[in-house]
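FYI, it's all coordinate maths here, none of it is from the lab. Here the structure is a predicted model, which is why all the values come from computation and not from measurement. Counting neighbours? That spans all protein chains shown, and the Cβs are built from the backbone with ideal geometry, glycine included.
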Amino acid sequence: MGIGLINRMILAELVKVFLVSLIGLTAMFVVTDVVQESMRRGLSPWQTLSTIPYFIPNMLPFTIPATTLFATCLVYGRMADDSEILALRFSGLNIHRLLLPAVVLGVMNTIWTAFLYYETIPQTRVLLREYVLADAEGVMYRLIQRDGGLRQHDIDFVLYVREVQGRDLLDVIVKKHSTDRTGYVQVAWASSATMRVEFRDAEAFLPGGNPASSIFRAKEPEKTIDPNSNSDGVPQPVPIPAGPGHELIVCMHHCNWLSTDGKTSGQADYMEFATKLPEGVFGQETRGRPSTQNWNELFRYRQEADLMRRERMREAQALETLAKQATGVEARHLRRKALLTREGDVRYLARVFRGIESEMHMRPALALGCLCFALVGCPVGVGARRGDYLGVFVFCFLPTIFVYYPVLIVGMQLSNQGRVPPVVFWLPDLIMLGASLVLIKSLMKR
């Protein structure tokens with residue numbers, strides 16, 4: 001029997017075990033994730049089932065490397081347990097040539113994962129949010145009916161209701177948060193209210209008066225300087241207008257209201273309380289998020305973010321130069337504006353740039369992990385001589401996963417914080433590749 005035929009038989013077995021394991025592991029992860037997301041978002045049973053196709057591509061970059069490792073360990077472990085590896089070595093076959101099927105499987109899965117990250121995964125993340133937003137009002141009504149109100153940390157008020165009947169909220173109490181979120185500034189109550197969701201299409205502006213491009217529209221409001229100063233001539237910070245997005249509006253009919261300081265109160269036939277849709281339910285605005293951008297967009301937005309960051313740095317330096325030449329109130333105004341430009345714009349744009357850089361390193365690093373896992377799985381499977389699923393899982397699968405992914409997650413957090421460069425995403429692959437070389441060399445000495 002030629003080595004070519006042997007390798008084809010091994011590759012066929014690897015593909016079979018890989019596909020079965022991939023379907024099982026992905027199904028388990030998807031079902032768990034879908035159930036958690038449906039409970040958190042308040043989706044109906046039909047919506048829950050309809051979102052499954054959107055979750056599958058996002059699970060594959062994590063399940064493909066794991067099942068690649070599992071398949072190689074299991075197949076080569078079975079061959080070693082049945083003494084097939086030993087027989088082939090006695091026949092004079094170089095053991096290195098038996099690694100070719102695993103390398104082929106690893107390369108195929110690396111290409112597949114990279115292809116998914118090129119456009120499929122970013123697009124499904126956008127489509128999932130748009131799908132949930134298509135019935136945003138229904139989602140909010142179901143959440144309020146389930147929880148007896150709305151108490152999300154990222155919205156501008158707290159809502160309590162006694163009962164939900166169709167599209168009517170009965171016995172409604174709304175408490176509006178103060179600007180610093182340390183208390184409430186107004187309380188309103190009514191016997192009935194309704195809700196609606198609207199899209200707010202407002203241009204976002206970065207400090208300095210220049211329109212922000214689409215990547216920066218999800219920016220949280222910073223502070224800038226109002227050219228109109230207060231009575232003592234010191235400029236006061238004012239919020240930047242929010243970017244486009246969906247708003248949740250609670251419409252109260254025949255209501256009473258009271259300020260929390262007890263100084264003002266009154267009655268109104270109609271009042272509205274508006275806030276952005278809670279990100280904990282619908283996720284963040286997808287525009288500008290690196291995880292929702294394909295490869296072409298990542299390169300374009302990285303260049304755009306870098307250019308804007310450099311421009312803001314030059315503006316801050318120019319303001320500091322002018323402040324040195326000015327005196328009095330004007331000098332204080334320029335110094336404060338320069339400080340806010342550095343602490344606001346420059347820091348934010350640097351964070352955006354780091355996020356894009358991290359995404360551009362993480363995607364190929366995760367894809368290459370498939371090949372690294374395949375190279376580790378071969379010698380471990382042969383050395384373990386285990387052909388049963390449970391033995392392979394305990395002996396190889398769990399320890400490797402508890403090394404690779406923790407290092408990846410820690411590196412991701414440090415990279416997003418700017419404490420380490422984005423190349424840290426390649427560290428888990430280097431660890432796995434080094435381990436595979438050591439194990440293969442050790443296997444050859446047996």
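Please give the Cα centre distance for the stretch 289-356 versus the stretch 115-149, rounded to the nearest Å.
32 Å
What are the residues whose amide H is under 5 Å from the amide H of Q186, where those residues sit 5 or more places off or on another chain and H is modelled from the backbone?
K176, T260
So for each of 256-266, 172-182 I average, over its residues, the number of other beta carbons within 10 Å; can you give me the resulting order with the highest mean first? Intermediate results must be reported in sequence, preceding the final value.
Values: 256-266: 11.5, 172-182: 14.7.
Highest-to-lowest ranking by the protection proxy: 172-182, 256-266.
Just to check I understand the Karplus step: with θ = phi - 60° and J = 6.51 cos²θ - 1.76 cosθ + 1.60, what whole-Hz values come out for the stretch 126-142, glycine and proline as x?
3J(HN,Hα) across the stretch 126-142, in whole Hz: 5, 5, 4, 5, 5, 5, 5, 5, 4, 10, 4, 5, x, 4, 5, 4, 5.
Taking the Cα centroid of the stretch 396-444 and of the stretch 253-281, what is the distance between the two, rounded to the nearest whole Å?
52 Å
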